[in-house]
Amino acid sequence: MAHFEKKQAKTSQAVPTSAMPDVVFMLLIFFMVTTVLREVELQVQVDYASAENIEKIEQKRLVSYVYIGPERLGGNQVGETAVQIDDALVDEMGAIRNIMYDKLVEQPRLIVSLRVDNESEFGVVTDVQQELRHAGTLRINYSTRREI
Amino acid sequence: MLKKKRGREDAEIPMSSLADIAFLLLIFFLVVTTIDVDTGIGLILPPIPDENTEPPPVKERNLLNILVNAQGMVLIDEEPASLNIVKDRIKEFVDNNGADPDLSESPDDAIVSIKTTRQTPYNVYIDMLDEVMGAYAELRNQASMERFGVPFESFEDNSVEQEEIQELYPKKISIAEPDEG
C-alpha cells in the first residue's frame, strides 16, 4: 500500500516580523513631526464662525493668533469679552500694537489670525484691527470653520 | 583557566520588545495629534492713512456701500436687501464695465465697502464678508473658465494664470470703521 506523505510547503509560514520596528518607527517619526502640541492655554471661549469661501493657511510658522471672546471664569461661567495674545489676556487695547510690532520685526511676513467667538460684537474686532493697522501687521485672516 | 570556561553572557540587547515600545510611543502621538489645517477668510488691512494726505477721490458709482446693523439687516446703496441677494448685487456691480451709469466703471475701479455697527454680531459680519468673497470667487472662476477652460482653484499659487485673473478682478474690499453707539 502506497503511503503518501502529506505534502507541505517548504517555505516557512511565519510572517517575518524583524522589520516591524522599522515600520513602526517610521510611522512614529511621521506623527512626531506632524504633531503640534497645544501651544497656548485658552483663557477666552472661542466658537468659530463658519463660512464657505475660505482659504487655507499653508505656512503655519508665519501665523500669530489673536483670540477674542468672552473670558472664561471658573465653572462654566463666562465673563466680559476679552482679547488674548499668546498666553495672556490683553488688559489695554493700546498694548496690542507694541506686541504685534515686535512680532512683525521678528517675522516680516506675519499673518495675524483672528480667532473670534461668533457671538462677539464687531466693535472689539474693529478696535483690534485698528491696533493691527497701527502696528503695520496688515495681513489678517478671520479663522472660520468650513460651512457644512 | 577555569574562569575562561564560564559561559559568556549574551552581549546583545534583547530587541524583541523594541516594537512594543515604539508602538506605545506611536499610539501616544496618534492620540495627541490634531492635524488641523487653519482655514479662514484672508484680508489685507489698509495701512493707516497719512494725516497730511487726502484720501484719493472715489467716484460714487465705483463704490458699493453695504451697511449691516446689529439685527443683521442689510442696506445696499441705501436700499434694504437680504443677505442672499448680496452676492448677485456685488457680481452685477463689479462686472458692470461701465454699462449701467450707477454701477462701477470697471472691475479694477470697483470698491465694495462694508460698514457695520459696533453691536453687530461677529457671525453676521463674517456671513457678509463670506458673500463678498463668494461673489469674487464666482467672477474669477467665470473668467478663468472663459480664458483657460479650467476652474480658478486649479491654478498653482503665484502662477501666471492665477495672477492674470487676480489682476482682472482685484478684491477691493473696504472695512469701514463703525460709528459709535
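What follows draws every value from the coordinates through simple rules; no lab data is involved. None of these values were measured; they are calculated from a predicted model. All Cβ positions, even for glycine, are placed from backbone atoms using ideal geometry, and neighbour counts span all protein chains on display.
Quick look at the numbers
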quantity: Complete set of residues in the stretch B:60-84 that are over 19 Å from residue A:120 (Cβ atoms), of a type in the set (A, V, I, L, M, F, W, C) and in contact with a Ser or Thr (Cβ under 7 Å, 6 or more places away or on another chain); calculated: B:63, B:64, B:66, B:74
quantity: Residue list for the stretch B:124-135, filter: at the interface with chain A (Cβ under 8 Å from one of its Cβ atoms) and farther than 15 Å from residue B:175 by Cα; calculated: B:134
quantity: Checklist (1) surrounded by 12 or more Cβ atoms within 10 Å (Cβ to Cβ); (2) assigned to a strand (DSSP E or B); (3) without any contact (Cβ under 8 Å) to a residue 60 or more places away in the chain; (4) not charged (D, E, K, R) applied to residue A:79, failing item; calculated: (1)
quantity: Qualifying residues in the stretch A:95-120 (those that are in a helix (DSSP H, G or I) and among the acidic types (Asp, Glu)) - the one surrounded by the fewest Cβ atoms within 10 Å (Cβ to Cβ); calculated: A:106
quantity: Failed item, numbered, when residue A:71 is tested on (1) part of a strand (DSSP E or B); (2) touching a Phe, Trp or Tyr at 6+ places or on another chain (Cβ under 9 Å); (3) more than 20 Å from residue A:139 (Cα to Cα); calculated: (2)
quantity: Complete set of residues in the stretch A:52-76 that are buried (at least 17 other Cβ atoms within 10 Å of the Cβ), among the polar types (S, T, N, Q) and more than 15 Å from residue A:129 (Cβ to Cβ); calculated: A:53
quantity: Filtered residues of the stretch B:92-117 (kept if under 24 Å from the mean Cα position of the chain (by Cα), over 16 Å from residue B:174 (Cα atoms) and surrounded by fewer than 19 Cβ atoms within 10 Å (Cβ to Cβ)); calculated: B:92, B:106
quantity: Search result, residues across the stretch B:155-179 that are part of a loop (DSSP other than H, G, I, E, B) and facing another protein chain (nearest Cβ under 9 Å); calculated: B:157, B:177, B:178
quantity: Residue match in the stretch A:80-98 (condition: touching an Asp or Glu at 6+ places or on another chain (Cβ under 9 Å), within 14 Å of another protein chain (Cβ to nearest Cβ), closer than 15 Å to residue A:131 by Cα and not hydrophobic (A, V, I, L, M, F, W, C)); calculated: yes
quantity: All positions within the stretch B:138-181 that are under 15 Å from residue B:110 (Cβ atoms) and either aliphatic (A, V, I, L, M) or touching a residue at least 60 places away in the same chain (Cβ under 8 Å) (or both); calculated: B:139, B:143, B:168, B:169, B:170, B:172, B:173, B:174
quantity: Tally of residues being of a type outside the set (Lys, Arg) and farther than 25 Å from residue A:58 by Cβ across the stretch B:147-181; calculated: 8
quantity: Number of positions in the stretch B:149-179 that are farther than 26 Å from residue B:66 by Cβ and loosely packed, with under 15 Cβ neighbours inside 10 Å; calculated: 11
quantity: Residue in the stretch B:142-154 that is part of a helix (DSSP H, G or I), more than 9 Å from chain A (Cβ to nearest Cβ) and closer than 30 Å to residue A:81 by Cα present; calculated: no
quantity: Single residue of the stretch A:126-136 satisfying the filter (within 10 Å of chain B (Cβ to nearest Cβ) and in a helix (DSSP H, G or I)) that is surrounded by the most Cβ atoms within 10 Å (Cβ to Cβ); calculated: A:132
quantity: Hits in the stretch B:28-84 - residues which are more than 14 Å from every other protein chain (Cβ to nearest Cβ) and assigned to a helix (DSSP H, G or I); calculated: B:60, B:61, B:62
quantity: Test set (1) more than 9 Å from every other protein chain (Cβ to nearest Cβ); (2) farther than 26 Å from residue B:152 by Cα - residue A:48 fails condition number; calculated: (1)
quantity: Subset tally (residues that are within 7 Å of chain B (Cβ to nearest Cβ) and either among the aliphatic types (A, V, I, L, M) or assigned to a loop (DSSP other than H, G, I, E, B) (or both)) for the stretch A:137-148; calculated: 2
quantity: Failed criterion for residue A:123 (all others in (1) within 12 Å of residue A:63 (Cα to Cα); (2) assigned to a helix (DSSP H, G or I) hold); calculated: (1)
